[in-house]
Amino acid sequence: MRDATRQTIADVILAALVAAGAALLFIGAAELPPPRFEPLGSAALPRILGTLLIFFAVILVIRALLRLRAGQASAAAPSGADPRRGALVFVALVLYVAALDFGRMPFVPATTVFVTATGLVIGARSWVNLAVFAAVGLVLSLAISTILERFLYISIG
Amino acid sequence: MLDAFLALAEWQNLLFLAVGTGLGIVVGAIPGLTASMLIALTLPLTFHMDPVSAVTLLIGEYVGGISGGLITAILLRMPGTPASIVTTFDGYPMAQNGFAERALALGIMASVVGGIISWGFLAGMSPALARFALQFGPWEYFTLVLMALVMLAVLSQGSMVKGLMAAALGMAFALPGIDSSIGQARLTFGSSAMLSGFGLLPVLIGAFAISQILRDAATPQESGRMDMPKSKLPIYRSDLGYAPKLLRGSVIGTWIGLLPGIGANIAALVSYSTEKQLSKEPEKFGTGHEPGVVAAESANNASIGGALIPLITMGIPGSVTEAILIGALTIHNLQPGPLLFQNAPEIAYGIIAAYLVANVLMLMLMWGAVRYIARIVQLPRSGLMAVILVFCVTGSYAVNSSFSDVWVMIGFGLVGLGLEYCRVPLGPFVIGFVLSPIAEEQLRASLMMSDGNLAEILTRPYALLFLALALITVIWPYIAARLGARARAKQAEEPS
């Protein structure tokens, strides 16, 4: 896909999401009572921001369509990126937090597994790295849980 | 001021300042990691510290974070922070020509001198400016916040519409929760979890750290070969000849730092260009010319002192890092602004004193340990990213001992990533989030004072000035483009 097309699609999706967000602001503001003790009221800023967001979204769509019509290419996207690795790290992060929050998994083993998995996803996969990341994860989790529990009186996981 | 220096001399404050500066230098030297990310990550730790110690730690991180960038800029041509991009122009060629130690020495020296000169402005101007700002009422504050937001949005990189949209989006995300002026839930849609709104820290950590790491994880790491500095860093008596250049760079950096949204990288670029224009041998710039390093490094460090002036005197952030510092002060129940000098002078003067001492500590740490810092930078970043993610999770959790904040952080990580993908700048988004409650509070107070009469603003000259500046910032790019086109057309029409 050409960069101009990709950027246009991204801008149109962004504008649609922003417009949906603006609609949420209007819906939420409609539920608020009218001002009683002061002229502005609680609903004013959501309405002002909602209007501004819709205005910017419309400009964005118009500009994106004009750009597409002119066939202009915007600045090139970074090359050589592997979005799968970013996605894998994100999934690992969600699983890690879910394990701590819903699974009530203890912090030290969960963190050790998370650091090892993430390190191997981002870096080179080898037995040496596996051992290094596991050791880093273990030491880090022990240090953090000690600081949180002993000094800050916070219990995690 | 003397009291602030005495408080700073207490061992724990000095230790926090040294740790902050050291951490900042290391993080600043690692390309991709920034001072704002470090400050956001260490902010949860400061909850349990006294405000003076917290502020010294964060100021140390800020100064170290900007200064550390020069190490990789010179040795690897990979600026650790955007502020050091200009340092690569002459610093890297110097290293390639076998003068890495000399480039590092000049860069460190210029950074320190830039910091000290801008400290002079910070210490000299801030109390007077704060006294002046005491005359401001809610109208002035509202328009000042509006002007800062508009300037940040318009001057941030990329499209102006996207910058303004980012600021409005950030403001919108700050709306849910209990509306403090009427004590009623707003935009919570019946969810009790939303009653406290989105916490500042989860939003900051998510938008900056998480999105940055997810982006970095997807990007192949550049592995440049680094020539480690071998001998001592040389400095000569003849370097005193650089005094005018240092002064020029520092003054440029300080004044550019004062303006919201411009930043240390532009300060370095303007200083570099000025030096090149004034030079008798401009052709040498870009080939490993010492004045190039001096101009860039003195200006980027001086911009910190400049940016701290509106922060402590008016509560206006010049960049994301200052927005996080405002968040840090708010967390400690301190309101940055002119009253800070009256209500918490130990903090206001503490920031000023910490800034000077952090520069001195930065000199000592970088001069003595630049070789070791360069080695740390070469460690594989895969493990580092995993470690930072764990800090993000524990930092967000520690705010309220709640995993809701961690989920909010992950959500804002995705928001940040999405915005960056669509080339929407994150700076105005975060600053809009931080400044939204202040803007709304001041607008409400203004309208209450004037019985809902908007025309009251016409009787307030400073408020009108701030509004006019905001308006000029928005329309100037169009006027400049129109004037440029007209000048080009006129030139084309003229017979050659």
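The values are calculated or read from the model by the stated rules, or taken from the named source; none is laboratory data. Predicted model, so just to flag it, every value in this text is computed and none were measured. Positions of Cβ are generated from backbone atoms using ideal geometry, with glycine treated the same way; all protein chains shown enter the neighbour counts.
Per-structure values
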item: Considering residues of the range A:25-45 that are part of a helix (DSSP H, G or I) and under 13 Å from B:Ile182 (Cβ atoms) only, the residue farthest from the other protein chains (Cβ to nearest Cβ); result: A:Ala44
item: Matching entry among B:Leu17, B:Leu33 (being more than 30 Å from B:His289 (Cα to Cα) and touching a residue at least 40 places away in the same chain (Cβ under 8 Å)); result: B:Leu17
item: Verdict on B:Leu329 being at negative phi and in a helix (DSSP H, G or I); result: yes
item: Of the criteria (1) more than 9 Å from every other protein chain (Cβ to nearest Cβ); (2) more than 24 Å from the chain's Cα centre (by Cα); (3) under 18 Å from B:Ile316 (Cα atoms), which one B:Leu443 fails; result: (1)
item: Some residue of the range A:2-9 being within 10 Å of another protein chain (Cβ to nearest Cβ) and in contact with a Cys (Cβ under 9 Å, 6 or more places away or on another chain); result: yes
item: Residue match in the range B:416-437 (condition: more than 9 Å from every other protein chain (Cβ to nearest Cβ), more than 24 Å from B:Gly206 (Cα to Cα) and of a type in the set (D, E, K, R)); result: no
item: Members of the range A:93-103 found to be within 18 Å of A:Leu138 (Cα to Cα) and either within 14 Å of the chain's Cα centre (by Cα) or outside any helix (DSSP H, G or I) (or both), listed by number; result: A:Leu93
item: B:Gly288 over 28 Å from B:Ala73 (Cβ atoms), touching a helix residue (DSSP H, G or I) at 6+ places or on another chain (Cβ under 7 Å) and of a type outside the set (S, T, N, Q); result: no
item: Checking A:Leu52 against (1) part of a loop (DSSP other than H, G, I, E, B); (2) within 7 Å of chain B (Cβ to nearest Cβ), the condition it does not meet; result: (1)
item: Any chance A:Thr8 is within 19 Å of B:Gly418 (Cα to Cα) and in a helix (DSSP H, G or I); result: yes
item: Residues located in the range B:180-196, provided they are farther than 23 Å from A:Glu38 by Cα, out of contact with any helix residue (DSSP H, G or I) (no Cβ under 9 Å at 6 or more places or on another chain) and part of a loop (DSSP other than H, G, I, E, B); result: B:Gly190, B:Ser191
item: Hits in the range A:111-131 - residues which are more than 7 Å from chain B (Cβ to nearest Cβ), over 13 Å from B:Met385 (Cα atoms), in contact with a helix residue (DSSP H, G or I) (Cβ under 8 Å, 6 or more places away or on another chain) and part of a helix (DSSP H, G or I); result: A:Thr112, A:Val113, A:Asn129, A:Leu130
item: Some residue of the range B:127-138 being outside any helix (DSSP H, G or I) and hydrophobic (A, V, I, L, M, F, W, C); result: yes
item: Within the range B:388-496, helices (runs of 4 or more DSSP H) holding 2 or more residues that are exposed (fewer than 15 other Cβ atoms within 10 Å of the Cβ); result: B:461-493
item: Where B:Met385 falls short, out of the listed (1) of a type outside the set (Lys, Arg); (2) assigned to a helix (DSSP H, G or I); (3) facing chain A (nearest Cβ under 9 Å); (4) out of contact with any Asp or Glu (no Cβ under 9 Å at 6 or more places or on another chain); result: (4)
item: Identity of the residue in the range B:142-161, modelled with pLDDT under 85 and hydroxyl-bearing (Ser, Thr, Tyr), that ends up surrounded by the fewest Cβ atoms within 10 Å (Cβ to Cβ); result: B:Ser159
item: Residue list for the range B:178-204, restricted to those being under 21 Å from A:Ala22 (Cβ atoms) and within 11 Å of another protein chain (Cβ to nearest Cβ); result: B:Asp179, B:Ala185, B:Arg186, B:Leu187, B:Thr188, B:Phe189, B:Gly190, B:Met194
item: Number of the condition not met by B:Arg375 [criteria: (1) among the charged types (D, E, K, R); (2) crowded, with 18+ Cβ neighbours inside 10 Å; (3) at pLDDT below 85]; result: (2)
item: Set A:Pro83, A:Pro106: member being surrounded by 12 or more Cβ atoms within 10 Å (Cβ to Cβ), more than 7 Å from every other protein chain (Cβ to nearest Cβ) and more than 23 Å from B:Thr42 (Cα to Cα); result: A:Pro106
